[in-house]
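What follows is a short report on a single structure.
The values are calculated or read from the model by the stated rules, or taken from the named source; none is laboratory data. Keep in mind the model is a prediction, meaning the values are calculated, not measured. We place every Cβ from the backbone using ideal geometry, glycine too, and count neighbours over all the protein chains shown. Ligands, DNA and RNA are excluded from the accessible area calculation, which covers all protein heavy atoms including side chains. Shrake-Rupley method; radii C 1.70, N 1.55, O 1.52, S 1.80 Å.
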Amino acid sequence: RNRCQRLGLNGNARNCFLTGNPDSYRNFFAKRLRCLLDVPHPSGQEVNRNAHHSSGRFLSQSSQPLGEKIPSLLISSVGQPPRRFPAWNIQINGSFHTSPSLQAAPVPLFWIIVKPAQKLFAIILGRSIRNWWKALPPNKRELFKESARKNKWKILLGVSSLGVVFVMFYFTHLEETPITGRARLLVFGKEHFRELSQMEYDMWMEQFKNQMLPETDARYQVVERVVGHLSESNKDVPQVSALKWVIHVVDEPGVNAFVLPNGQVFVFTGLLDAVSDIHQLSFILGHEIAHAVLEHAAEKASLVHFLDFLSLIFLTMIWAICPRDSLAVVGQWIQSKLQEFMFDRPYSRTLEAEADKVGLQFAAKACVDVRASSVFWQQMELAETIQGQPKLPEWLSTHPSHENRAEHLDRLIPEALKIRESCNCPSLSGPDPRLIFRLNMQHLLESSKGRKPPNSTKQDPSKPKLDFPHT
């Protein structure tokens, strides 16, 4: 009756269409794969931001190590002594996504290819209607308007019937999300996405073929053990046990990780440098695994496809109603931005929040100190502040802001602690890592206020140079 499994450590767990050159076809499919769905690649801001490495180290030490269940988070390169992950030696990449760009297959791939043709057809149709109307003599225009007034109920009935068709299509393609039970639209079959994810896997492997760490590298082994431990501890979830989790560690400074729908796990060494301990790493990888388990790639692609199909009607109307092409172009741009900021990005943020919740549950069942999860996002927030990164509104991003993400996790942690306790995990001893982080930040602020840096007249105030205290 215990929903948790005994813990173990066996772990292995996009581009234009050109002709002639075979590589052009590869690039076309690659970009279209990335553009169809932006489900999140780990968690973070979608707005492109590049930061320099920060000196110093955060103090957020976990209050309870995993002991024998997961070894201490020590990494080393061949011929070098082991070292702890630097708590804050990171490069913030443009988007710390938590899940791959897009994955789909035969049927979705067909729609990816024909999508530009659909928009072009809608533009030509709308423009043709406008030119036809302009070419009509005034008397025929009046006759046409009179006929429309006489048949307004028939026209209204036809438009209503079309709307009913879309509504019926939507509700007949609703499915229940695994684990959370949330109703969501699924147009494409799951098997299609697993096939297309193999194409994306080949693309990533080609891109990072010279940057893959060998299985003998200690950093690879740490990721392998963490993923294996998470999957073993959650094997009671059918979607977790059904996939074979394969590890790939990429020697790349970006703070990034993602999991393809077929179980291929990609982790960048920049993420390993960004986390403070194994508990933060376990939560991030649990978040990525949750994206795959919850089938967010197929869900986001389905919504994008449905909205794009609806937008073709509005696109045709814009080009038919606008008196000039220039106005139609502006109207088309406004329509696309409204769709993006009213539907696409908010939906992506919803999926990220759901992956945070489920990923936290996965980590709790693996006896991870789930309290460290919110500390990671507080660290990311502080790093961006120190490095002078602009703080953009959340509605501009496909991901929640670091601050809101940490607050959301703080609200979920009590429930996760109950799950952890129900799994007979060792009790957490020592101070709460969130308290340690707050005390460290308080100490940092006090010490920076009382310290007068040398040559202060020459220092750039936009780039504060702060030293992080150590425990």
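With a 1.4 Å probe rolled over the protein heavy atoms of all chains, the accessible area of Ile124, Ile289 falls in the order Ile124, Ile289, largest first. Ranking of Arg324, Arg411, Arg420, Arg225 by solvent-accessible surface, largest first: Arg411, Arg324, Arg225, Arg420 (1.4 Å probe, protein heavy atoms only, all chains present). Applied to the range 236-252, the Karplus parametrisation 6.51 cos²θ - 1.76 cosθ + 1.60 on θ = phi - 60° returns per-residue 3J(HN,Hα) values of 6, 7, x, 5, 7, 6, 6, 9, 9, 8, 10, 9, 9, 10, 9, 6, 9 Hz, with x for Gly and Pro.
For a paramagnetic label modelled on Arg141 (point 7 Å from Cα along Cα→Cβ), amide N atoms under 13 Å away belong, within the range 300-327, to 323.
Quick one: which of Lys115/Lys209; Lys119/Lys300; Lys300/Lys418; Lys244/Lys365 span more than 26 angstrom between C-alpha atoms? Cα-Cα > 26 Å for Lys115/Lys209; Lys300/Lys418; rest within. Computed 3J(HN,Hα) for the range 258-267, one whole-Hz value per residue from the Karplus formula 6.51 cos²θ - 1.76 cosθ + 1.60 where θ = phi - 60°, is 7, 10, 7, x, 8, x, 7, 9, 10, 10, glycine and proline marked x. Of the residues Thr350, Thr316, ranked by 1.4 Å probe accessible area with the largest first, the sequence reads Thr350, Thr316.
FRET efficiency for Leu327 and Ser427, Cβ-Cβ distance as r, R0 = 51 Å, nearest 0.05?
Values: r = 67 Å, r/R0 = 1.31.
For R0 = 51 Å, the calculated efficiency reads 0.15.
In this structure, the amide hydrogen of Gly254, modeled 1.01 Å from its nitrogen in the peptide plane, lies closer than 5 angstrom to those of Gly270, counting only residues at least 5 positions away or on a different chain.
Taking 37 °C and 0.692 mPa s as the conditions, I'd like the Stokes-Einstein D for the range 190-445 in µm²/s, using the Kirkwood hydrodynamic radius from alpha carbon pairs.
Details: Rh = 20.3 Å.
D, rounded to a whole number, is 162 µm²/s.
This model, with +1 at the C-beta of Lys and Arg and -1 at the C-beta of Asp and Glu, gives the range 136-235 a dipole about its Cα centre of some 1200 debye.
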